[in-house]
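What follows is a set of notes on a single structure, which appears directly below.
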Amino acid sequence: MAAALYEEVSTASPYIDHQLNVTREEYTEKLKSTTTVYIGNLSYYTTEEQLYELFGRCGEVQRVIIGLDRRMKTPCGFCFVEYSQHEEAGTAVNCLSGTRLDERVIRVDWDAGFKEGRQFGRGKNGAQKRDAMRTDYDKDRGGYGAAGEAEDEGEDSVLKRKRRP
């Protein structure tokens, strides 16, 4: 019997990608065999090499897909990592979620599998939705979120922005 870092790979996840157009049950079934994990809360400055180095400690990484701002085509704080085997992905979820990378606590969660187009941010500003709503300053995630920028520009700028078509 091979040694393992975890007793059982749990694929329970509160997250579901609604763009897949599947039920929660179908999504849960996909997670039972997936080899892909989602990594969130990355610094915009984290490199592909850093990701291969860290996630390669859990198994054979097939590829890393860095999330990009839909408009600017620059990193926007998330990525997908594809492994050779489901168990390797499970090791990453169980051992790396909550660790620090580039001074940020990262979140590693199961993903049903990467499809082309998912590497782009879904927020109105082209980045991630959570960054568009953020009002605080975060130097590692591009400064202020869209909501924070509006506050800094003053009330007049916010009104002008709302009037745009």
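Can you name every residue in region 41-95 that is among the small types (G, A, S), modelled with pLDDT of 95 or more and within 17 Å of the chain's Cα centre (by Cα)? Give the steps one after another, and end with the answer.
Taking region 41-95 and keeping what is among the small types (G, A, S), we get 43, 56, 59, 67, 77, 84, 89-90, 92.
This time we only want the ones that are modelled with pLDDT of 95 or more, so: 56, 59, 84, 89-90, 92.
Matches in region 41-95: A89, G90, A92.
Look at (1) surrounded by 15 or more Cβ atoms within 10 Å (Cβ to Cβ); (2) in contact (Cβ under 8 Å) with a residue 24 or more places away in the chain; (3) touching a Cys at 6+ places or on another chain (Cβ under 7 Å) and you find that C95 fails only one, number (1).
The values are calculated or read from the model by the stated rules, or taken from the named source; none is laboratory data. All values derive from a computational prediction rather than experimental measurement. Positions of Cβ are generated from backbone atoms using ideal geometry, with glycine treated the same way; all protein chains shown enter the neighbour counts.
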